[in-house]
Amino acid sequence: MIRFPFVLIMIIPNILVNTYFGKQKYNQAMTQTPEQRKVHYLLRILHSRSSAKEARIYNYVPYLAYKWKSVFWKTSDEQYDLRKRTESKMLLVNAFQVVLDISVIIVLITFGSGGALTIGHYVSLTQALQQIQSIITGLGYSIAAIYEESLFINEVLHFLDLEVENSKDRNRKFPGKLTSQIEVRNLSFTYATHTSPQLKGINFNISPGEKIAIVGENGAGKSTLVKCLLGLYLPDEGAIFFDGVDMRTIDPNSMRQNVSAVFQDFESYQLTVRENIAMGHPKIDDDAYIEAAASKAGLADLIDKLPNGLDTELGAMFHNGHELSGGQWQKISLSRAFMRDSQIVILDEPTAALDPRAEAEIYDNFATLYEGKTTIMISHRLSSCRHADKIIVLHNGEIIEEGNHETLLAAQGAYAEMFHTQAKRYAS
Ligand SMILES: Nc1ncnc2c1ncn2[C@@H]1O[C@H](COP(=O)(O)OP(=O)(O)O)[C@@H](O)[C@H]1O
Ligand SMILES: [Mg+2]
């Protein structure tokens, strides 16, 4: 009868201490996450190839190493402190259990010396006690570990519950061929990290086959608008219709088959030329197809010169990798868009690293190659946009002017001013 409470007395302190410190460990992991990220980030800057030149020129390694050390030691000290507190409490629990064991043994010896127990009884009872002891310790740790893990698992479940792309109600197909128009109605968008909107009350239409240019100073909202048009962000207010179909109802996969884009902050993959251009494309083994896309982006000469043609490894991360210049990387990223036969093609300043002549060539080339397709381009060189059918001028997330090059120049507004400023700069 007394066995059950006895087992409880042995197990409860163990569980209590372990769960209490398990919870503390979880809280610590949660509060330390931003600092841990910082530690990893700083370490990455200190290691990475791309920051190596600035690290030397500006000699910031000692400063960053100091910063890294202070965050690293702060988090490590906190962890060490918690570990110390956990272990000192566990030491008490273990001492309590030893005292309990000794008391039981004393009781057994007393009984034994009184003749109530044989040596055989005594030995088996003490062995049983030892076994119970180790089972209880293990059980205590396991129960507390389940509790601690469950706290972390809740985080994972919460993360998995976040909707990546609400595709339940997005089951309509993108129009097979756009015939009527793309309509942006009263579109507003606010990034989760902001309180005021980055796009406000945007209204415009695009006819199929039209060439649109979006211009405006840095931070005006051009890239954000383009990402909304691509369906990467859903508008908070207003809507975008493709031939009357609300973008919110279009299956994201169907959407992606019909639009392609090259971004300002494109990726340079440390893989082969072939993979850089055709990754994810069914024609990845079709040399002629890939070479055609590359030559549209002005890369034919370069590929001829590469040691292994399309199978040359790019980037200096791996052995034998062939490093390219910024402009050459940019052309590689442009080739990716040329691989696809999308209905809508978007260029979001992918030519910033190109010289003005190369950029003009790309844009002219682009206009000819995409004749009849809907294109949206953003360039900070207004001369690249002058042949657009429609130019949209953004300022602080709002459209302030809209028209073609001639009408906007005649209006003598913001566009005309930007254009003349640039023209003067290039002329001088
Ligand atoms: N991913 C993002 N998260 C939060 N804010 C952003 C993000 N991208 C851009 N912004 C903010 O939105 C505004 C518009 O940015 P963006 O559309 O990139 O401008 P543009 O392409 O015209 O230079 C800026 O104020 C910028 O700080
Ligand atoms: Mg941008």
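The values are calculated or read from the model by the stated rules, or taken from the named source; none is laboratory data. As the structure is a computational prediction, the values presented were derived from the model and not from experiment. Positions of Cβ are backbone-derived with ideal geometry, glycine not excepted, and every protein chain shown enters the neighbour counts.
Annotations for the structure displayed:
- Some residue of the range 220-227 being among the hydrophobic types (A, V, I, L, M, F, W, C), touching an Asp or Glu at 6+ places or on another chain (Cβ under 8 Å), away from ligand 1 (no atom under 16 Å from the Cβ) and assigned by TED's automatic domain parsing to the domain that holds Glu371: no
- Among the strands (runs of 3 or more DSSP E) confined to the range 207-310, the ones with at least 1 residues that are away from ligand 2 (no atom under 16 Å from the Cβ), closer than 30 Å to Leu408 by Cβ and of a type in the set (Lys, Arg) are located at 211-215.
- The lone criterion from (1) in contact with a helix residue (DSSP H, G or I) (Cβ under 7 Å, 6 or more places away or on another chain); (2) outside any helix (DSSP H, G or I) left unmet by Thr86 is number (2).
- Tally of residues being touching a Pro at 6+ places or on another chain (Cβ under 9 Å) and farther than 14 Å from Arg274 by Cβ across the range 299-330: 2
- Restricting the range 26-63 to residues that are modelled with pLDDT of 95 or more and of a type in the set (D, E, K, R), the residue that is farthest from Phe318 (Cα to Cα) is Glu35.
- Test result for Gln28, out of contact with any Ser or Thr (no Cβ under 8 Å at 6 or more places or on another chain), more than 30 Å from Leu100 (Cα to Cα) and in a helix (DSSP H, G or I): yes
- Cβ-Cβ under 8 Å pairs, at least 6 apart or on other chains, the range 31-55 side among the hydroxyl-bearing types (Ser, Thr, Tyr), far side surrounded by 11 or more Cβ atoms within 10 Å (Cβ to Cβ): Ser51/Ile45
- Whichever residue in the range 368-397 is more than 24 Å from Cys228 (Cβ to Cβ) and either touching a Gly at 6+ places or on another chain (Cβ under 7 Å) or among the aliphatic types (A, V, I, L, M) (or both) and, among such residues, is farthest from ligand 2 (Cβ to nearest atom): Gly372
- Enumeration of residues in the range 183-203 that are modelled with pLDDT of 95 or more and hydrophobic (A, V, I, L, M, F, W, C): Val184, Leu187, Phe189, Leu199, Ile202
- Residue under evaluation Ala213, criteria (1) more than 9 Å from ligand 1 (Cβ to nearest atom); (2) more than 16 Å from Glu349 (Cβ to Cβ); (3) touching a helix residue (DSSP H, G or I) at 6+ places or on another chain (Cβ under 6 Å), criterion not met: (2)
- Taken across the range 338-347, residues that are charged (D, E, K, R), surrounded by 15 or more Cβ atoms within 10 Å (Cβ to Cβ), at pLDDT below 90 and within 20 Å of Ser379 (Cα to Cα) do not occur at all.
- Among the residues making up the range 104-120, those that are assigned to a loop (DSSP other than H, G, I, E, B) and among the small types (Gly, Ala, Ser) are Gly114, Gly115, Ala116.
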